[in-house]
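Working notes, structure below.
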Amino acid sequence: MAQKNMPDTLNQDILTFVKDTTGAMGLALQATVTETADGPRIDLDGEDGEMLLRRKGEALQALQHVVTMAFRHRLAEGRRIVVDCQGFRHDKDVELRQMAKFLAERARTTGFEQQLGPLNPYERRLVHMAVAEEPNVDSHSVGDAFIKVVIISPRKS
């Protein structure tokens, strides 16, 4: 029984942390949490959301990193927290999946490797998952540290 309540408590703690953090940043945003198959998803909305989305969402990415670092020890294996603002990350995720599928098709038809990136770990995971759904192609990451590229290649027979 306690295990069942744990995600609710964790989600509430994450939501409170995000509200407190954005408030300390001087941003008036509404925050909601949704439990997904991959883990908690925090959605932010409000006029001040544009502040998080400037410069290709750098501040949103920084907030994502802070939240992940603060709660990673409380997440079950394989679960992730996603922080989104005004659907920005969702739209970028859809775009990234479409690009991965396009490049997988190109690799399959041309026989040549395709490269996507540089990408952060979250983005690379999305690409690898999208490529895994495609027949006769494989993907792997190359590079150093936090930012790497994904190579999509035709599967060798």
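The values are calculated or read from the model by the stated rules, or taken from the named source; none is laboratory data. Everything numeric in this text was worked out from a predicted model, so none of it was measured. Backbone-built Cβ (ideal geometry, glycine too); neighbour counts: all protein chains shown.
Report every pair of residues separated by at least 6 positions or lying on different chains whose Cβ atoms are under 7 Å apart, first residue within segment 33-61 and farther than 17 Å from THR21 by Cβ and among the acidic types (Asp, Glu), second modelled with pLDDT of 90 or more and not in a loop (DSSP other than H, G, I, E, B).
GLU35/ASN11
Looking only at segment 72-94, decide whether some residue is touching a Ser or Thr at 6+ places or on another chain (Cβ under 6 Å) and in the same structural domain as PRO40 (by TED's automatic domain parsing).
Our first condition is that a residue be touching a Ser or Thr at 6+ places or on another chain (Cβ under 6 Å); within segment 72-94, this holds for 81.
Restricting the remaining residues to those that are in the same structural domain as PRO40 (by TED's automatic domain parsing) gives 81.
Yes, segment 72-94 contains a residue that is touching a Ser or Thr at 6+ places or on another chain (Cβ under 6 Å) and in the same structural domain as PRO40 (by TED's automatic domain parsing).
Of the residues LEU103, LEU53, which is in contact with a Phe, Trp or Tyr (Cβ under 6 Å, 6 or more places away or on another chain) and either hydrophobic (A, V, I, L, M, F, W, C) or surrounded by fewer than 17 Cβ atoms within 10 Å (Cβ to Cβ) (or both)?
Numbers: LEU103 fails: in contact with a Phe, Trp or Tyr (Cβ under 6 Å, 6 or more places away or on another chain).
The match here is LEU53.
For GLY46, indicate whether it is farther than 22 Å from LEU10 by Cβ, touching a strand residue (DSSP E or B) at 6+ places or on another chain (Cβ under 8 Å) and not polar (S, T, N, Q). Before you say what the answer is, go through the steps one by one.
On the way: farther than 22 Å from LEU10 by Cβ: yes; touching a strand residue (DSSP E or B) at 6+ places or on another chain (Cβ under 8 Å): yes; not polar (S, T, N, Q): yes.
Yes: the conditions hold for GLY46.
Identify all residues within segment 74-110 that are in contact with a strand residue (DSSP E or B) (Cβ under 6 Å, 6 or more places away or on another chain), of a type in the set (A, V, I, L, M), outside any helix (DSSP H, G or I) and without any contact (Cβ under 8 Å) to a residue 60 or more places away in the chain; write none if there are none.
Within segment 74-110, just VAL82 meets the criteria.
Does THR68 meet the test of being farther than 30 Å from GLN12 by Cα, in a helix (DSSP H, G or I) and without any contact (Cβ under 8 Å) to a residue 40 or more places away in the chain?
Working: farther than 30 Å from GLN12 by Cα: no; in a helix (DSSP H, G or I): yes; without any contact (Cβ under 8 Å) to a residue 40 or more places away in the chain: yes.
Taking the combined requirement at face value, the residue does not satisfy it.
Do we have any residue at all in segment 17-30 that's under 30 Å from ASN136 (Cβ atoms) and crowded, with 16+ Cβ neighbours inside 10 Å? Break it down stepwise before answering.
Of the residues in segment 17-30, the ones under 30 Å from ASN136 (Cβ atoms) are none.
No, segment 17-30 contains no residue that is under 30 Å from ASN136 (Cβ atoms) and crowded, with 16+ Cβ neighbours inside 10 Å.
Looking for something on the phi > 0 side of the Ramachandran plot, at pLDDT below 95, buried (at least 16 other Cβ atoms within 10 Å of the Cβ) and not assigned by TED's automatic domain parsing to the domain that holds VAL18 - is there at least one such residue anywhere in segment 121-133? It would help to see each step written out before you state the result.
Of all residues in segment 121-133, those on the phi > 0 side of the Ramachandran plot come to none.
The answer is no, given that none of the residues of segment 121-133 is on the phi > 0 side of the Ramachandran plot, at pLDDT below 95, buried (at least 16 other Cβ atoms within 10 Å of the Cβ) and not assigned by TED's automatic domain parsing to the domain that holds VAL18.
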